[in-house]
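The values are calculated or read from the model by the stated rules, or taken from the named source; none is laboratory data. Because the structure is a prediction, the values reported are computed rather than measured. Using ideal geometry, Cβ is built from the backbone for each residue, glycine included, and neighbour counts are taken over all protein chains shown. Accessible surface areas use protein heavy atoms only, side chains included; no ligands, DNA or RNA. Shrake-Rupley method; radii C 1.70, N 1.55, O 1.52, S 1.80 Å.
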Amino acid sequence: LWFRCLMLSFFSRGKLGRYPPWPGKIVNPPKDLKKPRGKKCFFVKFFGTEDHAWIKVEQLKPYHPHKEEMIKINKGKRFQQAVDAVEEFLRKTKGKDQASSHNSTEEKNRRNSSEERGKQSAGEEKRKASLSEGKVKKGTGEGKKRVSSVSSERGSKSPLKRAQDQSPRKRGRPPKDEKDLTIPESSTVKRVMTGTVAGFKWPPSVSEPVKDSDPHFHHFLLSQTEKPAVCYQAITKKLKVCEEETGSTSIQAADSTAVNGSITPTDKKIGFLGLGLMGSGIVSNLLKMGHTVTVWNRTAEKCDLFIQEGARLGRTPAEVVSTCDITFACVSDPKAAKDLVLGPSGVLQGIRPGKCYVDMSTVDADTVTELAQVIVSRGGRFLEAPVSGNQQLSNDGMLVILAAGDRGLYEDCSSCFQAMGKTSFFLGEVGNAAKMMLIVNMVQGSFMATIAEGLTLAQVTGQSQQTLLDILNQGQLASIFLDQKCQNILQGNFKPDFYLKYIQKDLRLAIALGDSVNHPTPMAAAANEVYKRAKALDQSDNDMSAVYRAYIH
């Protein structure tokens with residue numbers, strides 16, 4: 001969950017790492033969700049996503065004055081879709097306001113005429129009272145006063161005033177019992193409250209029902225745990241390194257200063273080895289965020305595009321490491337990772353005291369531990385940082401980084417991790433990240449095989465595969481991953497976003513990890529056999545969703 005946006009028709013100030021300002025609107029938090037302490041903030045739903053977050057008031061920026069500026073800065077398709085969603089929301093709200101204004105005008109006219117009739121009635125009563133005044137004795141003055149009092153209640157208090165007394169609190173002001181939701185009277189907020197922001201309402205009090213909250217909100221927050229406090233705690237600790245119960249820590253939009261929606265890149269020289277599906281997107285984002293990057297790839301032609309974008313070319317891994325402060329590597333498997341470090345003109349030959357090496361490959365814990373030992377033995381610093389995601393997420397800078405090893409090096413990589421990912425976790429000693437990554441991919445690979453199995457079963461039993469997808473997308477399994485992989489299968493499009501051969505490799509390594517601690521992994525073992533059959537059908541270089549073909553041949 002990224003904290004990139006503010007309230008209705010607003011942009012955040014971009015103080016959140018590399019992530020651009022993002023439009024959103026205020027919604028009501030669940031009753032059991034506590035508001036974070038400290039500065040005033042609102043609970044926000046982001047346009048174009050299902051994300052929610054507590055956002056500080058000082059991060060508000062008016063939407064309309066900054067709209068064009070933000071669109072120029074952010075060219076992404078998802079951002080444009082979010083802006084389109086804002087405009088559509090404003091159009092609908094404006095239509096409702098116009099209808100409401102028309103209705104309120106008619107109501108006002110009716111109230112005015114009713115008030116006029118009330119005044120006339122009061123005048124008649126007053127005249128009658130004055131005519132009878134000369135005919136009554138002084139002793140009956142109390143009766144006159146009683147008549148006058150009743151007529152005052154009936155006449156002077158018009159229907160309009162009575163309606164105002166009986167109406168709920170006025171729109172545009174928070175309830176008295178919600179003082180902690182009041183926005184400071186800054187000039188920006190004054191313009192907001194008196195300006196053209198359509199349909200803005202203060203959130204109702206806690207006792208009122210939540211009318212505008214997203215029906216998927218609880219599913220989104222609680223999809224990983226049955227303890228709401230755990231997830232809610234993660235929301236309230238943005239921009240901080242937070243210690244978790246397991247002893248791991250995470251950086252979400254960590255500690256670099258944002259300038260116009262971008263991060264401040266480290267002044268260290270960055271090297272990158274391996275420009276495959278994942279590495280290419282990572283390097284592209286490092287360059288976009290202003291890092292100085294030297295690249296190397298086994299197939300040199302892949303470097304050309306990045307040289308045009310401003311990268312420098314390294315002739316060998318050893319040369320890249322020797323000329324850079326921090327060198328990242330992302331290669332396919334344990335053998336490739338070892339060859340890169342230990343082979344001719346490899347990483348190890350460029351390591352000197354103080355040089356830093358970050359291995360982002362998905363490998364087993366034994367391999368990464370061996371590499372760490374040889375790097376550190378030469379005076380270098382080592383961090384493992386495999387990434388969870390696919391080619392699209394890599395291109396979008398939305399990977400999840402799992403890191404372990406040198407904690408100081410992890411912090412030194414902060415701006416790089418922000419450029420390439422949406423969050424990063426520090427998991428302790430070397431080997432932990434490798435184990436966690438294999439477990440994550442074991443779950444993903446097994447799930448993909450189950451999806452393929454379900455679609456083929458639907459087909460052979462005469463059920464519509466599209467209908468199955470529609471049903472799944474409306475249930476608790478709904479996710480981008482599920483939809484994309486099912487669409488791949490339905491369209492017969494297996495262009496690689498995550499190579500099938502690599503997910504099979506990860507399943508194999510995860511099974512071995514289970515064996516090493518005598519833990520059964522029968523589901524992963526079954527899925528692995530299906531992927532092996534798909535590889536035998538020449539699907540290795542297709543997307544993992546091509547495992548479907550193992551069921552139809």
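For the stretch 433-459, the set of residues classified as open to solvent by less than 50 Å² (accessible area, probe 1.4 Å) and either in contact with a Pro (Cβ under 6 Å, 6 or more places away or on another chain) or within 20 Å of Ala372 (Cα to Cα) (or both) consists of Ala433, Ala434, Met437, Leu438, listed by residue number. Restricting attention to the stretch 307-333, the residues being in a helix (DSSP H, G or I) and open to solvent by less than 20 Å² (accessible area, probe 1.4 Å) number 4. For the stretch 269-286, the criterion of being open to solvent by 20 Å² or more (accessible area, probe 1.4 Å), closer than 26 Å to Ser414 by Cβ and part of a strand (DSSP E or B) is met by no residue.
Which residue out of Ser377, Ser361, Ser388 is within 30 Å of Asn488 (Cβ to Cβ), out of contact with any strand residue (DSSP E or B) (no Cβ under 6 Å at 6 or more places or on another chain) and at pLDDT 95 or above?
On the way: Ser377 fails: within 30 Å of Asn488 (Cβ to Cβ); Ser388 fails: out of contact with any strand residue (DSSP E or B) (no Cβ under 6 Å at 6 or more places or on another chain).
Ser361 is the lone residue from the list that is within 30 Å of Asn488 (Cβ to Cβ), out of contact with any strand residue (DSSP E or B) (no Cβ under 6 Å at 6 or more places or on another chain) and at pLDDT 95 or above.
When the stretch 389-412 is filtered for residues that are open to solvent by 10 Å² or more (accessible area, probe 1.4 Å) and either touching a Cys at 6+ places or on another chain (Cβ under 9 Å) or of a type in the set (A, V, I, L, M) (or both), the ones remaining, listed by number, are Leu393, Met398, Val400, Leu402, Asp406, Asp412. For the stretch 404-412, state whether one or more residues are in contact (Cβ under 8 Å) with a residue 24 or more places away in the chain, under 29 Å from Arg549 (Cβ atoms) and part of a helix (DSSP H, G or I). No, the stretch 404-412 has no match at all.
Count, please, the residues in the stretch 350-388 that happen to be over 26 Å from Gly421 (Cα atoms) and either surrounded by fewer than 21 Cβ atoms within 10 Å (Cβ to Cβ) or in the same structural domain as Leu513 (by the TED database) (or both). Talk me through it step by step, then tell me what you get.
In the first step, residues of the stretch 350-388 are kept if they are over 26 Å from Gly421 (Cα atoms); the result is 350-353, 370, 373-374, 376-379.
This time we only want the ones that are either surrounded by fewer than 21 Cβ atoms within 10 Å (Cβ to Cβ) or in the same structural domain as Leu513 (by the TED database) (or both), so: 352-353, 370, 373-374, 376-379.
Here the count works out to 9.
Annotation: Gln463 fulfils all but one of (1) open to solvent by less than 30 Å² (accessible area, probe 1.4 Å); (2) over 28 Å from the mean Cα position of the chain (by Cα); the unmet one is (1).
Among the residues of the stretch 495-553, which ones are of a type in the set (Val, Ile, Thr) and either part of a helix (DSSP H, G or I) or open to solvent by less than 70 Å² (accessible area, probe 1.4 Å) (or both)?
Within the stretch 495-553, Ile503, Ile511, Thr521, Val530, Val547, Ile552 meet the criteria.
Among the residues of the stretch 4-17, are any part of a helix (DSSP H, G or I), charged (D, E, K, R) and either at pLDDT 75 or above or not assigned by the TED database to the domain that holds Gly290 (or both)? No, the conditions are met nowhere in the stretch 4-17.
Restricting attention to the stretch 45-62 and to residues that are within 18 Å of the chain's Cα centre (by Cα) and not hydrophobic (A, V, I, L, M, F, W, C), the residue that is modelled with the lowest pLDDT turns out to be Glu50.
Condition test on Thr93, is it exposed (fewer than 12 other Cβ atoms within 10 Å of the Cβ), β-branched (Val, Ile, Thr) and either at pLDDT 70 or above or more than 30 Å from Met289 (Cβ to Cβ) (or both)? Can you show your working first?
Values: exposed (fewer than 12 other Cβ atoms within 10 Å of the Cβ): no; β-branched (Val, Ile, Thr): yes; either at pLDDT 70 or above or more than 30 Å from Met289 (Cβ to Cβ) (or both): yes.
No.
In the stretch 424-465, how many residues are of a type in the set (D, E, K, R) and part of a helix (DSSP H, G or I)? Don't jump to the end; show me each part of the working.
Initial filter on the stretch 424-465 (of a type in the set (D, E, K, R)): 429, 435, 453.
Adding the requirement that they be part of a helix (DSSP H, G or I) leaves 435, 453.
Summing the residues that are of a type in the set (D, E, K, R) and part of a helix (DSSP H, G or I) in the stretch 424-465 gives 2.
It is to be established whether one or more residues within the stretch 296-306 are under 21 Å from Lys355 (Cα atoms), crowded, with 17+ Cβ neighbours inside 10 Å and over 30 Å from the mean Cα position of the chain (by Cα). Yes, some residue in the stretch 296-306 is under 21 Å from Lys355 (Cα atoms), crowded, with 17+ Cβ neighbours inside 10 Å and over 30 Å from the mean Cα position of the chain (by Cα).
Give the residue that is nearest to Tyr502 (Cα to Cα), with candidates limited to residues of the stretch 528-547 that are in contact with a Leu (Cβ under 7 Å, 6 or more places away or on another chain) and among the hydroxyl-bearing types (Ser, Thr, Tyr). Result: Ser540.
On the given criteria, is Gln487 more than 28 Å from the chain's Cα centre (by Cα) and either at negative phi or without any contact (Cβ under 8 Å) to a residue 60 or more places away in the chain (or both)? For Gln487, the condition - more than 28 Å from the chain's Cα centre (by Cα) and either at negative phi or without any contact (Cβ under 8 Å) to a residue 60 or more places away in the chain (or both) - is not met. Taken together, the residues in the stretch 338-355 that are touching a Gly at 6+ places or on another chain (Cβ under 7 Å) and in contact (Cβ under 8 Å) with a residue 60 or more places away in the chain amount to 1. Selection of the stretch 468-478 for residues being open to solvent by less than 70 Å² (accessible area, probe 1.4 Å) and either out of contact with any Cys (no Cβ under 6 Å at 6 or more places or on another chain) or of a type in the set (Ser, Thr, Tyr) (or both) yields Leu468, Leu472, Asn473, Gly475, Ala478.
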